[in-house]
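Below: the structure, in structure tokens.
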Amino acid sequence: FPGANRWVPNSGGLRKLTAALPACHGCDLAEHAEQVVPGEGPARAALMLVGEQPGDVEDKQGHVFAGPAGRLLDKALDAAGIDRSDVFLTNAVKHFRYTTKGKRRIHKTPAVGHITACRPWLERELRIVSPRLVVILGAVAARALIGPGFKVTEHRGERVELPSGRAAMATVHPSAVVRSERFREDFALFVADLQAARDLLG
Ligand code: URA
Ligand code: SF4
């Protein structure tokens with residue numbers, strides 16, 4: 001894939017970035033999705049949460065974490081004492097990747113090529129928002145922000161650094177909690193990680 005670089009503005013703020021996003025054809029995902037889903041939140045948020053990619057609901061509505069994973073994230077943020085409206089929420093990949101099964105659209109994990117192609121948007125968001133802490137939600141975001149060697153399961157809840165030196169912390173993706181067979185335990189662990197993130201902010 002050519003990657004998003006030629007579509008990403010190298011000046012301006014979130015408004016300009018969001019306005020530029022729909023034109024992106026940095027990879028093939030733009031062709032099959034309904035729309036691009038931009039990050040949302042305050043331009044100077046102290047905390048930035050990075051998910052994987054929009055899901056079916058997000059693709060239809062055009063808003064991040066609007067579906068089942070988003071509802072779980074809302075509950076977990078609430079339990080951790082974090083106000084969703086204070087947080088900048090975005091995804092490593094900005095278009096929905098799926099396969100079809102009859103009329104249903106089934107989530108398909110983005111390939112490494114999609115993650116790489118879309119990374120310039122994420123990097124630009126990081127520059128603009130300049131959060132004090134980045135919360136990495138799951139393996140795709142970890143790959144986008146740190147690289148292939150990082151294992152979320154080995155480092156969840158720890159303070160880590162992005163290659164840029166920015167402070168970060170990784171935890172699981174809320175979808176993994178939604179699907180968990182040990183829901184109560186996994187929800188509690190997810191909340192504990194978000195609380196740790198809040199503590200890291202001080
Ligand atoms: N999962 C994500 O990673 N991001 C969303 O916006 C929705 C579901
Ligand atoms: Fe561009 Fe990212 Fe969409 Fe690919 S997924 S077309 S790189 S915005």
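We did not get these values from a lab; they are worked out from the coordinates using the rules stated. Note that the structure is a prediction, hence the values are computed from the model and not measured. For neighbour counting, all protein chains shown are included, and Cβ atoms are generated from backbone atoms with ideal geometry for every residue, glycine included.
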TODO: Find out how many positive minus negative residues lie around Ala66, taking Lys and Arg as positive, Asp and Glu as negative, among other residues whose Cβ is under 12 Å from that of Ala66.
DONE: -2
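Order these peptides, 165-177, 68-80, 88-100, by their mean beta-carbon neighbour count within 10 angstrom, highest first. Present the calculation step by step, with values, prior to reporting the outcome.
Working: 165-177: 20.4, 68-80: 18.5, 88-100: 22.3.
Ranking, from highest mean packing down: 88-100, 165-177, 68-80.
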Open item on the list: So if each residue of separation counts as 0.36 nm, and I subtract the Cα-Cα distance between Leu201 and Lys16, what length gain in nm does that give?
Closed with: 63.8 nm
- [ ] Add +1 for every Lys or Arg and -1 for every Asp or Glu among the other residues with Cβ under 14 Å from the Cβ of Asp83, and state the total.
- [x] -1
Open item on the list: Tell me which of Ala45, Ser180, Pro110 sits at the most positive position along the dipole axis of the chain, charges placed on C-beta atoms (Lys, Arg +1; Asp, Glu -1).
Closed with: Pro110
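If Lys and Arg each add +1 and Asp and Glu each add -1, what is the summed charge of the other residues whose beta carbon sits under 13 Å from the beta carbon of Arg15? Don't skip to the answer; put the middle values down first.
Numbers: positive: Lys16, Arg124; negative: Glu40, Glu125.
Once all neighbours under 13 Å are counted, the net charge is 0.
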TODO: Starting from the Cα of Lys75, step 7 Å along the direction of its Cβ; do the same at Glu158; then give the gap between the two resulting points in nm.
DONE: 3.0
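Computed FRET efficiency, Cβ-Cβ of Lys151 and Ala192, R0 22 Å: what is it to the nearest 0.05? Intermediate results must be reported in sequence, preceding the final value.
Numbers: r = 19 Å, r/R0 = 0.84.
Efficiency, from the Cβ-Cβ distance: 0.75.
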Task: Ranked packing of 127-134, 8-15, most packed first, by mean Cβ within 10 Å - done: 127-134, 8-15
TODO: Tell me the label-point distance for the pair Arg182, Ser85, using the 7 Å Cα-to-Cβ offset, in nm and rounded to one decimal.
DONE: 3.7
Task: Electrostatic dipole magnitude of the chain [Cβ: Lys, Arg +1; Asp, Glu -1; Cα centre; debye, to 20] - done: 360
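Where Rh denotes the Kirkwood radius from the mean inverse Cα pair distance, what is Rg over Rh for the chain? Kindly include the intermediate steps, with their values, before the conclusion.
On the way: Rg = 15.8 Å, Rh = 16.8 Å.
Dividing the radius of gyration by the Kirkwood radius yields 0.94.
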Task: Beta bridges per DSSP with both ends in segment 5-201, % antiparallel, nearest 5 - done: 40
Task: Positive-pole candidate from Ser85, Val160, Pro148, dipole of segment 57-202, charges at beta carbon - done: Pro148
